[in-house]
Amino acid sequence: MTNLKVVKIENDELLFNDGTRLLSNHDQDCCEHHYLDFADLDVTDFDELEFDLTSDDFFNRVEDYGIELKPIKGHVVRVPGYGSNNGYYSSNIDLIIADAKGNTIKSFDVSECQLWNDY
């Protein structure tokens with residue numbers, strides 16, 4: 001999982017050239033929605049960037065915004081996070097590294113990395 005390139009963005013996740021996937025997860029209850037918004041990115045945002053997903057240092061948490069993906073060399077790519085609920089439910093959100101079959105390899109709590117829209 002080193003020197004990986006983003007080859008596709010689909011279903012609100014990043015797909016890397018070795019099949020590794022990067023996505024967010026929230027165990028949704030009734031009236032809530034929490035996610036990192038990969039879908040608004042374009043694959044060209046990742047041109048000539050390579051990532052080392054074996055390092056816990058491949059991203060920065062940006063409180064009240066989202067995350068920044070840090071390539072081995074080059075510019076960071078900012079990914080916004082969004083959250084909404086009525087205050088009763090959980091606001092947890094995880095950044096997940098998964099293999100090509102969807103099995104979780106590693107998970108990071110990024111709950112503080114989302115813009116809020118309480119209702």
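The values are calculated or read from the model by the stated rules, or taken from the named source; none is laboratory data. Remember, it's a predicted structure, so these values are computed and weren't measured experimentally. Here Cβ is always computed from backbone atoms with ideal geometry, including for glycine, and neighbour counts include all displayed protein chains.
Just a few scattered comments:
- For the range 6-21, residues that are surrounded by 16 or more Cβ atoms within 10 Å (Cβ to Cβ) and not hydrophobic (A, V, I, L, M, F, W, C) total 3.
- Among residues of the range 55-69, those that are within 15 Å of PHE108 (Cα to Cα), surrounded by 13 or more Cβ atoms within 10 Å (Cβ to Cβ) and not hydrophobic (A, V, I, L, M, F, W, C), counted: 4
- Residue ranges of strands (runs of 3 or more DSSP E) in the range 1-102 with at least 2 members modelled with pLDDT of 95 or more: 6-10, 13-16, 21-25, 59-62, 66-69, 77-85, 94-98
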